[in-house]
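The values are calculated or read from the model by the stated rules, or taken from the named source; none is laboratory data. What you see is a predicted model; the values in this text were computed from it and never measured. With ideal geometry, Cβ positions are generated from the backbone for all residues, glycine too; neighbour counts draw on all protein chains shown.
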Amino acid sequence: MQAVGIAPIVVDVLDSGAVLDAVETVRPDVIIHQLTDLRSPPGSPGYPAAQEANRRLRIEGTRNLVQAASRTRVRRVIAQSIAFIYMGSDGPHHEDDPLEVAAGGTRQLTVQGILALEHDVLRTPDIAGTVLRYGYLYGPGTWYAAALKPPSIHADAAAHAAVLAVSRGGGVYNIAEDDGAVSIAKARRELGFDPAFRLPERIARELQTIRSLPTK
């Protein structure tokens, strides 16, 4: 990756000291938190264990990342959340609608992780926090080639929303398609978000090349 001007730093996000060292080395103005640990897809035998791992990452990993950001005076943190844990099935849900805090089973693991993630990102003093509640991701690098069910969002449009949030807005935004599940009016208005955004074919090919390069 260094051949294309990228210098990766690989750390265990559950190691608070390693995370702090990495952030101190880079000294970024903005951190974009897209961490997940879902190694097994829904319906597979490994999915419950993956949900527990992802819950821990969202709780402990986010806390470590935000604490490192605070100690190094990072001005803005943008984090990936999800738009499919609102209470009730009738949409479109707005960002201030209640979440399904009483969910049972493995879904409760998801809710616990999201509540902790959003709290740390949005309520840490001196950090302008932004939470992007993505729909079900589809497209290159995901589990699905096409939209699975509402709310859904193409990976290109999701990534573009994170780029827009680097210099615009703040707070919570639904990032999904206009499929009736959630309202994206706030994201359109404050971020300039467009769910139809796709990377130009040339850039998409170059990105695929970067993904295939070794990290060391």
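Being in a loop (DSSP other than H, G, I, E, B), at pLDDT 95 or above and of a type outside the set (A, V, I, L, M, F, W, C) is a description that does not apply to residue 189. Among the residues of segment 58-96, those identified as within 19 Å of the chain's Cα centre (by Cα) and of a type in the set (Lys, Arg) are 58, 63, 75, 76.
Beta carbons closer than 7 Å, at least 6 apart along the sequence or on distinct chains, pair a first residue in segment 144-157 that is part of a loop (DSSP other than H, G, I, E, B) with a second that is surrounded by fewer than 17 Cβ atoms within 10 Å (Cβ to Cβ) for 150/180. If you filter segment 1-28 down to residues that are modelled with pLDDT of 95 or more and among the small types (Gly, Ala, Ser), you find that the one that is surrounded by the fewest Cβ atoms within 10 Å (Cβ to Cβ) is 17. Looking at the structure I just gave you, is residue 166 crowded, with 20+ Cβ neighbours inside 10 Å and of a type outside the set (D, E, K, R)? Here the answer is no, as residue 166 does not meet what is asked.
Which residues, taken from segment 158-176, are in a loop (DSSP other than H, G, I, E, B), in contact (Cβ under 8 Å) with a residue 24 or more places away in the chain and farther than 18 Å from residue 97 by Cβ? Across segment 158-176, the qualifying residues are 166, 168, 169, 170.
All conditions but one from (1) under 26 Å from residue 48 (Cβ atoms); (2) at pLDDT 95 or above; (3) surrounded by fewer than 19 Cβ atoms within 10 Å (Cβ to Cβ); (4) not aliphatic (A, V, I, L, M) apply to residue 136; the one that does not is (3).
Against the definition (over 20 Å from residue 27 (Cβ atoms) and of a type outside the set (Gly, Ala, Ser)), how does residue 112 come out, yes or no? Answer is yes for this residue. So for segment 113-128 (the condition being part of a loop (DSSP other than H, G, I, E, B), touching a Ser or Thr at 6+ places or on another chain (Cβ under 7 Å), aliphatic (A, V, I, L, M) and modelled with pLDDT of 95 or more), does at least one residue qualify? Yes: one or more hits.
Within segment 143-165, can one find any residue that is modelled with pLDDT of 95 or more, more than 15 Å from residue 34 (Cβ to Cβ) and of a type in the set (Phe, Trp, Tyr)? Taking every residue of segment 143-165 in turn, none turns out to be modelled with pLDDT of 95 or more, more than 15 Å from residue 34 (Cβ to Cβ) and of a type in the set (Phe, Trp, Tyr).
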